[in-house]
Structures are given as structure tokens and as C-alpha cells.
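So the structure is just underneath, and the comments pick up after that.
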Amino acid sequence: MNVNDVLVDRLATELLKRNAKVATAESCTGGWIAKNLTDIPGSSAWFEYGYVSYGNNAKADMLGVDPALLEREGAVSKAVALAMVAGAAERSGAEFAVAVTGIAGPDGGSAEKPVGTVWFAWYCKGVAEAECRVFEGDRDTVRRQTVTTALLGLAERVEQLAGS
């Protein structure tokens, strides 16, 4: 089992205990998080919605991200990641959600937002939080690290609720 399989197994166990659902909103990973979630049989018991909102129009149309926010902050920003995760949770009705938006490369980076910059947002029963990471490596490496970080953050947050 690889690390993502272990994380998904942890997540599935906790979601099933709560009869809860999770949704994803993905930009730079292009559905890779949802792919990991659906790799295990029976995932339809806790996963129904995965939004691949690669472009700004998709973020606005599918997730309700305000085009003015996208224009003002840029797609790779805390505000947009939070809007994406809120849209995914609201539109899917899921109790938990994760969103990622970033610059996987090899192009598209800037001094402010270098290649490897990824904003994550997690939604857990009405509370959303965001975090930025900058990963090293080529496009595939950045995307792989993004998927693992998203799954780890989601599993940790769902498990924390079990302890509270």
C-alpha cells in the first residue's frame, strides 16, 4: 500500500463511522484526488462529488467562485481556494471537502507565486481553513505532493473531529 492508499483508508473509516460524505474541488491536480478516493471499492458510500475546475470559467460556473475575486486575487490564492471548497461543500451537501489550486509548472510561475505554489482549503462541518505550500520538483512531482498533502489534511481534520 502506498501512502495515499493508507490516507484514503483512514479517511474512509472515519467517514463511514459518521455516515458522512466528502467532496473535492480540484484545479492543478485535474481529478487526481478524486481518483485516489475512488480507487477503493465502496467509496460511493462516502464520496459523490468531484469537481475538476481547471480554468477560471469552471471555477465560476461549477463552484460559484466570483469572477471578480478571480480577477482581483488570481486563481492561485487563499481567497479562491476558500471559495472553491465552500462551493464544493455547498453544492454537494458534503460535510467535508478539500480544494486545491496551484501552479504545477513548468510555466506559469512568477516571483510572487513561483512554480510549485499550491493553495489548499479544507471544509469540515461548516468550518473552512486554508494553507499554502510551495513544492519543489517537476510538474508530476508537484501534483503528487499536492494530492498527498490534500488527503493527509483531510484525514487529519476528520479524525480530529472524532477526538472532540
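Among the residues in the stretch 48-65, are any free of Cβ contacts under 8 Å to residues at least 24 places away in the same chain, surrounded by fewer than 23 Cβ atoms within 10 Å (Cβ to Cβ), of a type in the set (Asp, Glu) and touching a Gly at 6+ places or on another chain (Cβ under 7 Å)? Checked against the condition, which is being free of Cβ contacts under 8 Å to residues at least 24 places away in the same chain, surrounded by fewer than 23 Cβ atoms within 10 Å (Cβ to Cβ), of a type in the set (Asp, Glu) and touching a Gly at 6+ places or on another chain (Cβ under 7 Å), the stretch 48-65 yields no hits at all.
Would you please name the residue that is farthest from Val142 (Cα to Cα), looking only at residues in the stretch 66-75 that are among the hydrophobic types (A, V, I, L, M, F, W, C) and either touching a Gly at 6+ places or on another chain (Cβ under 6 Å) or free of Cβ contacts under 8 Å to residues at least 24 places away in the same chain (or both)? Out of the qualifying residues, it is Ala68.
For the stretch 1-40, the candidate set comprises residues that are closer than 24 Å to Val142 by Cβ and among the basic types (Lys, Arg); within that set, the residue that is surrounded by the most Cβ atoms within 10 Å (Cβ to Cβ) is Arg10. When Ala97 is tested against (1) part of a helix (DSSP H, G or I); (2) of a type outside the set (Lys, Arg); (3) touching a residue at least 60 places away in the same chain (Cβ under 8 Å), just one condition goes unmet, and that condition is (1). Scanning the stretch 76-93 for residues that are assigned to a helix (DSSP H, G or I), touching a residue at least 40 places away in the same chain (Cβ under 8 Å) and not basic (Lys, Arg) gives Ala81, Leu82, Met84, Val85, Ala86, Gly87, Ala88, Ala89, Ser92. The set of residues from the stretch 72-93 being within 13 Å of Val22 (Cα to Cα) and of a type in the set (Asp, Glu) comprises just one member, Glu90. Residues of the stretch 133-140 include none that is touching a residue at least 24 places away in the same chain (Cβ under 8 Å) and touching a strand residue (DSSP E or B) at 6+ places or on another chain (Cβ under 9 Å).
Applying the condition of being in contact (Cβ under 8 Å) with a residue 60 or more places away in the chain and in a loop (DSSP other than H, G, I, E, B) to the stretch 1-29 and asking which residue is farthest from Val147 (Cα to Cα) yields Ala20.
The numbers here are math on the coordinates, done by the rules we state, and not lab data. Keep in mind it's a predicted model, so treat the numbers as computed, not measured. Cβ coordinates were reconstructed from backbone atoms using ideal geometry, including for glycine residues, and neighbour counts include every protein chain displayed.
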